[in-house]
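Quick notes on the structure that follows.
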Amino acid sequence: KMENKLLNYHYTTIKDCLENVSLFETHLKSKRIVTTDSLEECGNFESIFKKHICHMKTGDLIEILLNMDLEKCYKLVNLIKNTWNNLLEKRKECIMEEFGTIKKFPFQKYNDTSINFKNILTPVQIVPSSKNSQNNCTNYNSDIDDDIYQCVIEEGCQRILVRGDAGMGKTFHSMKLLYNWATSDNSLRDYLLLKVNLADIEDDDDLEKTLFLNNFTENTGVNLQLFQYFFTDYEKDCKERKKILLLLDGADELKYENSKFYSIITKINQIKYPVIVWSRHWKMRYVIETYDRIFEIIGFSPYNVKLYFRKFFNEENTPSLTYENMSNQLFKYLNEEKKDILEICRYPLVANLIAGLWEETKHEKLSDEYSIFKEVIKITLSNRGIEKGSNNYIEAMKYCSKVAFENLVYDKKINSNEIFEKTNYFGGILTPVKVRATLNSSTNKNEYKFIHFSFQEYLTANYIIKEFPNEVLNTETLKLILDKSKNLYLLTKVFLFIQQRNREVFIILVKINIKILSIVSDTNEQIIQLLKDRKQSSELSEIKLYSLNMEISMWKLITSFFNNSITEIDFFHVQIDFLKFIAISKSTLKGTLKTLKVCGGVKNSISVEILEKLLYEMVNLVELNISNIQFEYNEKMGSVTLSSENLKKLTLKNCNIEVLGENSIDLHCSNLCFLNLSGNNLQESSLKSLFENIENIMEDIQYLNLSRMEDNSIAFEYIYNQFKFTNSILE
């Protein structure tokens, strides 16, 4: 028979209660658990226990104890029955010990950097999500934890997925669930919550040992045997199952596919207990159907960003309108000067780093997420006496970027090094890895990990930017890495960092594998296909796009991808920042662009002056076709001069050119043969001035369109009288 681990756990108490109690032996005989001969053969209580008692079902022993009707037996029964509740309390004690104080910002130069978890706890927004969409709900809720509890308790969901972007607060949310369970009387009070950070899992880790080591400390008095009883044996012993809930954080950081934990997060029916899994989106894209319910973390609301700052600076109990509060100063600065940074403060990790930087230096030189991590590392090392630009700083950055890259891409362990010691574990962002599946020690001083995956991703991006190309990291090496689909998703945040900091390197990566674009952003399929076509044919120089939204950064990427050798642009209702689009095109394509067609896609009015500058700088432009874009005119400009020696076709259709009023368009295009000004209500004086400008080239004009004006007769009469003997085609 199987050993009863619960009775083994209570052996000492059972022995103290029942040793030399003949009544107990009598009951054992009556239940046919032992015989007189077997008792004599055993000789002592320890042998009786090992051979007979520890193989009993718990209920049978409790029945005997109750029938003995002794006070000490009743106490023993209560002790055994309360073991589960005591286990729950011990688990909660571990949580309170872990969350009693946490580092609010691990890199500060001051000693007082710890804060009670409840004092920094700030709700993150979570929404229910469908399996086919990252987020299909607009009813954002900061207190949706009760819905998650309901999924487990009332709906019987076995598999719940909570997904979100990097730094969005997934680990924070898992900690919040644990903390609330340990400190409040919620609907999960009868459950045992077990949490594991999957980034710490090795391929040969034992499931039960790992769960035990990650959730109970030595001073609790709980041993592995007792844990195994309730986790595995209790159902066989008592014909029912204990309520246990597994919280598995960092599924995207689990590296070993032969691990039992990998099976649990990717397949159904791998464990008898319900699980909640936290992961980035990419890891679960192929196993999403295995989950019963899905929730999406979308970070802090604007209100909670401000609330988090107040908690961080310990100002929650001070008047919220006091300007001297650091939280108000920071929020005001971000809202007025750095709205882009304030936007990404919805990521709890970014909000934490920004608050820490502000408290340290009131840093005002942040431009993007890459610069935030750069400044944090600079401060971490400076606080340890290693200043930026020094040989030690350069050495530390180079080495730690290298090990971050090798660990992320090649899964090479991060082992102890003199540089780590000299930099106090690289300024605090490296920490010793916990020993896995062993009961002998709590830390392994020879192996390290990053305190947050995003720091490793930043340093990996830094390594690629700084070291590419070299003998080790060259185009062929990157191609081998990026040809693996797994690496593409694993390096998503790395690509984003590189895109923010070094467009040239990012372009090289995209040229190696165009899929990177669709991974880092919701890139339109037209653009993906365009770049694929260009990659296949370096002679392709024409760009035609329609009905899409395009960020200006994407246009920069496209021009670089085409090596600034674009000859024709044809945009039909492409939503883009027109002024920046023109500025980039002028600076990168002025030597190659011959045709520019833009129809619609611009919401705001544009100064007509831009046409002057465009033709002046784009000297090789042969055709300019602007339609359905509204121009505005400043009377201080006077007449508008459009001058080009190479321009042959000019279309300004439905462009509100009538805003010129009585001012004229001075058209100096000696080779013009096509002119379309339809849909513009030009006044008679403007028309007269226009015709005087083109009188000397009228014989060369093959197409002239002045239709769709309020009074076409004025234009037609003037044209007919002035140019009736020319060969022009009038419309």
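The values are calculated or read from the model by the stated rules, or taken from the named source; none is laboratory data. Just so it is clear, the model here is predicted, and its values are computed rather than measured. No Cβ is skipped: glycine too gets one built from the backbone with ideal geometry, and neighbour counts run over all protein chains shown.
What to note about this one:
- Within the set Glu40, Glu46, Glu97, the sole residue that is exposed (fewer than 15 other Cβ atoms within 10 Å of the Cβ), assigned by TED's automatic domain parsing to the domain that holds Tyr234 and in a helix (DSSP H, G or I) turns out to be Glu97.
- Any pair with Cβ under 6 angstrom, 6 or more apart, that starts in segment 296-307 at a residue that is within 13 Å of Asn335 (Cβ to Cβ) and of a type outside the set (Ser, Thr, Tyr) and ends at one that is modelled with pLDDT of 90 or more and surrounded by fewer than 23 Cβ atoms within 10 Å (Cβ to Cβ): Lys306/Phe331
- Among helices (runs of 4 or more DSSP H) entirely within segment 549-642, having at least 3 residues that are in contact with a strand residue (DSSP E or B) (Cβ under 8 Å, 6 or more places away or on another chain) singles out 578-589, 609-617.
- Filtered by the rule that a residue be aliphatic (A, V, I, L, M), touching a strand residue (DSSP E or B) at 6+ places or on another chain (Cβ under 8 Å) and not in a helix (DSSP H, G or I), segment 672-692 gives Leu672, Leu675, Leu677.
- Subset of segment 522-533 that is surrounded by 16 or more Cβ atoms within 10 Å (Cβ to Cβ) and out of contact with any strand residue (DSSP E or B) (no Cβ under 9 Å at 6 or more places or on another chain) - its residue that is modelled with the lowest pLDDT: Thr523
- Flag for Ile33 being surrounded by 13 or more Cβ atoms within 10 Å (Cβ to Cβ) and more than 30 Å from Phe231 (Cα to Cα): no
- The residues on offer are Ile377, Ile354, Ile372, Ile341, and the sole one that is within 24 Å of Phe506 (Cα to Cα), outside the structural domain of Tyr425 (by TED's automatic domain parsing) and of a type in the set (A, V, I, L, M, F, W, C) is Ile341.
- Beta carbons closer than 9 Å, at least 6 apart along the sequence or on distinct chains, pair a first residue in segment 49-61 that is free of Cβ contacts under 8 Å to residues at least 40 places away in the same chain and farther than 20 Å from Lys72 by Cα with a second that is of a type outside the set (Phe, Trp, Tyr) and assigned to a loop (DSSP other than H, G, I, E, B) for Lys50/Glu3; Lys51/Val34; His52/Ile33; His52/Val34.
- Listed by position, the helices (runs of 4 or more DSSP H) inside segment 457-529 whose residues that are closer than 27 Å to Gly164 by Cβ and free of Cβ contacts under 8 Å to residues at least 24 places away in the same chain number at least 1 are 485-490, 515-520.
- Residue match in segment 411-421 (condition: modelled with pLDDT under 85, outside any helix (DSSP H, G or I) and either in the same structural domain as Asn462 (by TED's automatic domain parsing) or surrounded by 12 or more Cβ atoms within 10 Å (Cβ to Cβ) (or both)): yes
- Subset tally (residues that are out of contact with any Cys (no Cβ under 8 Å at 6 or more places or on another chain), farther than 19 Å from Leu177 by Cα and surrounded by 14 or more Cβ atoms within 10 Å (Cβ to Cβ)) for segment 68-94: 8
- Residue count for segment 693-705, restricted to those that are touching a strand residue (DSSP E or B) at 6+ places or on another chain (Cβ under 8 Å) and among the aliphatic types (A, V, I, L, M): 3
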